[in-house]
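Only one structure is covered here, and it is reproduced in the block below.
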Amino acid sequence: MYDIDEIAKNSAGNWKTLAEFSVPADTDSPNEWSMAWLIHPDSTPEEHEHYATVAKEMATFGDDARWITQPHWGTGTLGGFWIRVFNDGRVTPAFKRLCEIEIASFDQ
């Protein structure tokens, strides 16, 4: 069983470990956000299909899940979501749904 609250605690602010990542300027409370990379130049067709599934779901959450790309000197352009993990101290529906999708993909 996965503990989404624990995943959220470990994910919020994960962008701080990415030296080349810059927080979007219009982000309030950046420590409550996480970067979830999903695709890269070497992504397989299955990974692109997975991304499409995630993107469709995340589109329903408005500004709490923003598609973002980031150039990286070693891997090329990465794509994923800048996602709000916490809002008013609670895990956001967007982050919870992302976790549910990812956990389901692990279990397949």
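Bear in mind these aren't lab numbers, they're just calculated from the coordinates by the rules spelled out. This one's a predicted model, so the numbers in the text were calculated from it and none came from an experiment. No Cβ is skipped: glycine too gets one built from the backbone with ideal geometry, and neighbour counts run over all protein chains shown.
Worth pointing out:
- Theoretical ellipticity at 222 nm over the chain - DSSP helices of four or more residues, -39500 (n - 2.57) apiece, nearest 500: -10500 deg cm²/dmol
- Applying Stokes-Einstein at 37 °C and 0.692 mPa s to the Kirkwood radius of segment 13-62, computed over alpha-carbon pairs, gives a translational diffusion coefficient of 257 µm² s⁻¹.
- Cut-off under 5 Å, modelled amide H: who pairs with residue 33 long-range: 13, 85
- Within the straight-line cut-off of under 15 Å between alpha carbons, the aspartates and glutamates reachable from residue 9 are 32, 88, sequence neighbours fewer than 8 places apart in one chain being disregarded.
- Least to most buried among 82, 73 (fewest other Cβ within 10 Å first): 73, 82
- Size of electric dipole in the chain: Cβ of Lys, Arg +1 and of Asp, Glu -1, about Cα centre, debye, nearest 20: 200 debye
- Max mean-square fluctuation residue, GNM over the chain, Cα-Cα springs under 10 Å, options 57, 46, 32: 46
- Radius of gyration, Dmax [segment 28-108; alpha carbons; angstrom]: 13.0, 38
- Segment 1-101: trypsin sites (Lys or Arg not before Pro) in DSSP loop, at most 16 other beta carbons within 10 Å: none
- Only aspartates and glutamates eight or more places from residue 56 in sequence, or on another chain, were considered; those with a Cα closer than 20 Å are 46, 47, 64, 100, 102.
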